[in-house]
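> Before anything else, here's the structure in question.
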Amino acid sequence: MAPKEALLHGGLTPLPILDHVPKPIEVHRRRTFVTCGLLLLAWIANDVALAWIHERVPRGVPPLPDLWFNFFPELTGAIYITEYLMIAVMANAIIVIICHQHRWVVARRVLFITALCYGYRALCITLIQVPVPSVHTYCAPKSESADFGVVAKRVFGMFSSAGIESLRQRVLCGDLIVSGHTLSLFIGEMTFKQYAPKKLNWLSYVLTGCSIAGIICILLARKHYTIDVVLGYYLATRTFWSYHSLVQVLNFGTAEFDKSLLARTFWAPIVKYLEADAPPPSMFVNRLQWPSACPQLLRRKCAY
């Protein structure tokens, strides 16, 4: 029977059989757990640094001159507004990470960027100590000797509250050079903006406003000098953008990656390791869905 006659009689033309069917990319979760370990180390490094430098912070010295302090009054309770905004921004970012269809890749990127930023912060607060920016800031008395037991007790107290004053009043002083609240605010804000679906673009502007309001409240509460906030913003944004720029360059091949000036950073080889099994840009779509452990019906209804 001719092909035309076969179609008239309801015949079906067989589809060609592909010799090679591309396999789905298998994402190895161990890379994400490695970044979890790096973040934990950076967190502990910050707490240990603060517990140690508390003994070295100048006491009885007036705050350093700051242009912001010349024009705006001190509002000590404003720090709680910052922390509420920070929790809201971070909660939205965490939801996007957990519900992203490439959640394991997104999580490892954000965890590594956060670990890198807080690692830099631990180094900065260890290198230099300045007077506290407010005369109303309470600093616990110095110990006779900052031995291992004293430092460990302080670290445990800070670790249990994650540095949030709403959970536990802080009594240690010295972590000023880079604002940790600013790091958390803008890493959370950029994570949401980078990985949320386009339908949620409006919410990214809300979170940007929350981040800006948060750093204003930090300065009003005089928990940091203006330079601390500026350095926190600069460190968070440049690290986040540099990492994702390296990811884009890596998609053109290892040779192009090695030619990039950003590849001169000491952490560029880690980007190669973390992105070894990441989907290419053509397959990386910002789509939210419930994790596989959730009921199928909920995942279909809530997917973007």
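The values are calculated or read from the model by the stated rules, or taken from the named source; none is laboratory data. Source: prediction; values computed, not measured. We place every Cβ from the backbone using ideal geometry, glycine too, and count neighbours over all the protein chains shown.
> Could you tell me which residue of region 211-229 is farthest from residue 69 (Cα to Cα), considering only residues that are not basic (Lys, Arg) and not in a helix (DSSP H, G or I)?
224
> Filter region 54-88 down to residues that are among the acidic types (Asp, Glu) and part of a helix (DSSP H, G or I) and give me whichever is modelled with the lowest pLDDT.
Taking the candidates together, the pick is 55.
> From the list 106, 151, which residue is crowded, with 18+ Cβ neighbours inside 10 Å, modelled with pLDDT under 90 and touching a Phe, Trp or Tyr at 6+ places or on another chain (Cβ under 7 Å)?
Exactly one residue qualifies, and that residue is 151.
> Now for a different question. Can you find even one residue in region 230-239 that is among the basic types (Lys, Arg), part of a helix (DSSP H, G or I) and at pLDDT 95 or above?
Checked against the condition, which is being among the basic types (Lys, Arg), part of a helix (DSSP H, G or I) and at pLDDT 95 or above, region 230-239 yields at least one hit.
> Determine whether residue 4 is modelled with pLDDT under 85, outside any loop (DSSP other than H, G, I, E, B), of a type in the set (D, E, K, R) and loosely packed, with under 14 Cβ neighbours inside 10 Å.
yes
> Could you list, ordered by first residue, the pairs with Cβ atoms under 8 Å in which the first is in region 44-65 and farther than 25 Å from residue 119 by Cα and the second is exposed (fewer than 15 other Cβ atoms within 10 Å of the Cβ) and among the aliphatic types (A, V, I, L, M), at least 6 apart or interchain?
Hits for this filter: 62/135; 63/135.
> Between a first residue in region 243-264 that is part of a helix (DSSP H, G or I) and a second residue that is of a type in the set (A, V, I, L, M) and surrounded by 16 or more Cβ atoms within 10 Å (Cβ to Cβ), which pairs have beta carbons less than 6 Å apart while being 6 or more apart in sequence or on different chains?
Cβ pairs passing all conditions: 243/113; 246/271; 256/249; 257/249; 257/250; 257/263; 262/246.
> Of all residues in region 75-97, which are of a type in the set (Ser, Thr, Tyr), closer than 24 Å to residue 196 by Cβ and surrounded by fewer than 18 Cβ atoms within 10 Å (Cβ to Cβ)?
Within region 75-97, just 84 meets the criteria.
> Then there's this: Residue 51 - would you say it is modelled with pLDDT under 90, in a helix (DSSP H, G or I) and not charged (D, E, K, R)?
So residue 51 fits the description; yes.
> Of all residues in region 230-240 being touching a residue at least 24 places away in the same chain (Cβ under 8 Å) and over 21 Å from residue 68 (Cα atoms), which is surrounded by the fewest Cβ atoms within 10 Å (Cβ to Cβ)?
That would be 237.
> Can you tell me which residue among 282, 204 is in a loop (DSSP other than H, G, I, E, B), of a type in the set (S, T, N, Q) and over 25 Å from residue 120 (Cα atoms)?
None of the others qualify; the one that does is 282.
> Among the residues of region 70-85, which ones are farther than 12 Å from residue 223 by Cβ and in contact with a Ser or Thr (Cβ under 9 Å, 6 or more places away or on another chain)?
Matches in region 70-85: 84, 85.
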